[in-house]
Every structure is written in structure tokens, then in C-alpha cells.
Amino acid sequence: MAALLEIEGLGKRIATDEAGGLRTLFHGLSAVIREPASIAVMGASGQGKSTLLRMLACLETIDEGDVRLNGQSFRQSDIREWRMDVSYVAQQAVMLPGTVDFNLRTVSRLHGATYEERLASELMERCGLGGMPGAKQATELSGGEKQRLALVRSLLLRPQVLLLDEVTASLDEENSRYVEELLLERHRSEGTTLIWVTHQPEQAHRVAPVHWTLAGGRITESGVAR
Ligand SMILES: Nc1ncnc2c1ncn2[C@@H]1O[C@H](COP(=O)(O)OP(=O)(O)OP(=O)(O)O)[C@@H](O)[C@H]1O
Ligand SMILES: [Mg+2]
């Protein structure tokens, strides 16, 4: 059976100046996720964690190597469907101009997915946003509120793989735990694969039995006994 997600020989070169200078961020990066999993991605600032996640979601160009979901390369896939199946939750949440309700509905509509109103309110509640008025302007939310609203938008797409870029970084301890529990529950009940970028080793240990460390352009995988 094909693996859930295969990362094969990924390379990324990034601009160093406006004159077209390039440097290699990583080269020949490979990893495989055989079945639904929860994986923490660690590594120093600037090692390319966000870039890697954005490449997996096809939000950043992939010039070298391949990514396959259930055996199918992104090159043979419909990009809109791919981004629904492999959904990126950004480090800096971006809101669409408009209300909270508009933000929740529009992302589903843009992806051609049915808007599940009951699921939306349940997810909002479980993220600690139960009291948030749907008519509030999304751009006026705090950083932590935007981050959770962006997470709910992604969860509504029922992705196979959820790419979580420091998803609790703007949250207090209590709300971080709500979000962790909600995501782990989606992993158990829906089989959603979770890939968490985090700078907190304690969080990595709480949420993921497998850790990827990104350093010097390589992924080192380690398993943690639970
Ligand atoms: N579009 C881009 N153009 C030029 N350089 C970029 C671009 N995107 C990222 N970089 C550079 O690539 C490197 C990796 O960035 P990235 O944001 O992926 O790191 P990170 O591991 O997520 O860091 P952090 O932990 O601080 O979030 C950095 O040096 C960054 O400046
Ligand atoms: Mg980052």
C-alpha cells in the first residue's frame, strides 16, 4: 500500500539578494509517513521549517524532488484539492477582510467544500472561541484569536494532513492545551495526520511520538517512547 505522505529528495534554494544570488536552504530532504501520525518538527530559527511546510502544501515552489500523497505526486494532482488535503496553518494567521462568519464560510466555499455550521461552532467552542460573535471583524481579532480562527478554517476542510506552523505560539497555557487536545482528538477520530512545528520541547513530547529535527538541510527522525 502507498505511504500516506512521501517526501523525496526535496531541495530549496532561496534568494540572498536582489541581484539573483541564491543559497541552498536544503537539498535531498526525504522522509516518509506511512500511516496517520502525529509528528513534531523541531530545529533552530531559520532552518527552513516554515518553508518545508509551505512546500508540502504547494504554497511554495518545488523545483527539486517530489511529494506524494497516497502515492500520487503533487505534479499529477489538482492543486486546489491538494491544498484541501494538505492544509497549512500559518505562523502568522492571515484573515480575509470581513467578519468571523465570512472567514469561516469563505474558505470552505473557495475549496468547493460544504460549510458544516455545527462542526464550525463545535470547533470554535473547543478552541476557547465559543463566545466570539460571528459578526465581529476578523482583522480586529487578537493574534491568538486569529491563530485559532485560522485553525478552525483549516479543520473545516477535513484535511488528511494538517501542517501546524507554531500554531499555539500566540496562546496562553490554557488555550494552548485546549488546542492541543482538540487536534489530538481529530487525529484519533478522523485519522488526521498532524505535523507540528514547535520550539517547545515539552509540547513536542506531549503531542507527538515522532520528532523530526531539521538542521543543516537534513531531517533526523527520532522516536520517543510513550
Ligand atoms: N521567500 C523567501 N525569499 C528569501 N528568503 C526566504 C524566503 N522564505 C524564507 N526565506 C529564508 O529561508 C530561511 C528559512 O526560513 P523559514 O521561515 O522556513 O525558517 P523557520 O525554520 O521556519 O524559522 P522560525 O523558527 O524562525 O520560524 C530563512 O533564512 C529565511 O530568511
Ligand atoms: Mg517558521
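Please indicate, with yes or no, whether at least one residue in region 10-25 is away from ligand 2 (no atom under 16 Å from the Cβ), of a type in the set (S, T, N, Q) and more than 30 Å from Leu156 (Cβ to Cβ).
Initial filter on region 10-25 (away from ligand 2 (no atom under 16 Å from the Cβ)): 10-11, 13, 15-24.
In the following step, the residues that additionally are of a type in the set (S, T, N, Q) were identified as 16, 24.
With more than 30 Å from Leu156 (Cβ to Cβ) added as a condition, the list becomes 16, 24.
Yes: region 10-25 contains one or more residues that are away from ligand 2 (no atom under 16 Å from the Cβ), of a type in the set (S, T, N, Q) and more than 30 Å from Leu156 (Cβ to Cβ).
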(request) Quick one: which residue in Ala208, Ala169, Ala204 is touching a residue at least 60 places away in the same chain (Cβ under 8 Å) and more than 14 Å from Ala37 (Cβ to Cβ)? (result) Ala169
(request) State all residues of region 43-64 that are open to solvent by less than 30 Å² (accessible area, probe 1.4 Å), assigned to a loop (DSSP other than H, G, I, E, B) and more than 13 Å from ligand 2 (Cβ to nearest atom); if no residue qualifies, say none. (result) Ala57, Cys58, Ile62
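May I ask you to verify whether Pro36 is surrounded by 15 or more Cβ atoms within 10 Å (Cβ to Cβ), more than 15 Å from ligand 1 (Cβ to nearest atom) and either in a loop (DSSP other than H, G, I, E, B) or free of Cβ contacts under 8 Å to residues at least 24 places away in the same chain (or both)?
yes
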(request) Select from region 70-94 the residues that are at pLDDT 95 or above, open to solvent by less than 50 Å² (accessible area, probe 1.4 Å) and assigned to a loop (DSSP other than H, G, I, E, B) and write down the one among them that is farthest from ligand 2 (Cβ to nearest atom). (result) Gly71
(message) Here are the criteria: (1) exposed (fewer than 15 other Cβ atoms within 10 Å of the Cβ); (2) farther than 30 Å from Arg13 by Cα; (3) in contact (Cβ under 8 Å) with a residue 40 or more places away in the chain. Tell me which single one Gly130 does not satisfy.
(response) (3)
(message) Looking at Leu155, Leu164, Leu151, can you tell me which residue is within 16 Å of ligand 1 (Cβ to nearest atom), at pLDDT 95 or above and open to solvent by less than 20 Å² (accessible area, probe 1.4 Å)?
(response) Leu164
(message) Can you find, within region 177-201, the residue that is nearest to Asn70 (Cα to Cα) among those that are in contact (Cβ under 8 Å) with a residue 12 or more places away in the chain, open to solvent by less than 80 Å² (accessible area, probe 1.4 Å) and within 16 Å of ligand 1 (Cβ to nearest atom)?
(response) Ile195
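Looking at Ala135, Ala204, Ala150 in this structure, which one is of a type in the set (A, V, I, L, M) and not in a helix (DSSP H, G or I)?
Values: Ala204 fails: not in a helix (DSSP H, G or I); Ala150 fails: not in a helix (DSSP H, G or I).
The unique qualifying residue is Ala135.
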(request) List the number of the failed condition for Val67; all other conditions in (1) closer than 25 Å to Thr168 by Cα; (2) open to solvent by less than 10 Å² (accessible area, probe 1.4 Å) hold. (result) (1)
(request) Check whether at least one residue in region 13-30 is surrounded by 15 or more Cβ atoms within 10 Å (Cβ to Cβ) and out of contact with any Lys or Arg (no Cβ under 9 Å at 6 or more places or on another chain), and report yes or no. (result) no
(request) Pick out the one residue from Gly98, Gly71, Gly65 that is touching a residue at least 40 places away in the same chain (Cβ under 8 Å) and in contact with a strand residue (DSSP E or B) (Cβ under 7 Å, 6 or more places away or on another chain). (result) Gly65
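The values are calculated or read from the model by the stated rules, or taken from the named source; none is laboratory data. Fair warning: this is a prediction, and the values are worked out from it, not measured in the lab. Please note: Cβ atoms are built from the backbone with ideal geometry, for glycine as well, and neighbour counts cover all protein chains shown. These area figures cover heavy atoms from the full protein model, side chains too; ligands, DNA and RNA do not enter into them. Shrake-Rupley method; radii C 1.70, N 1.55, O 1.52, S 1.80 Å.
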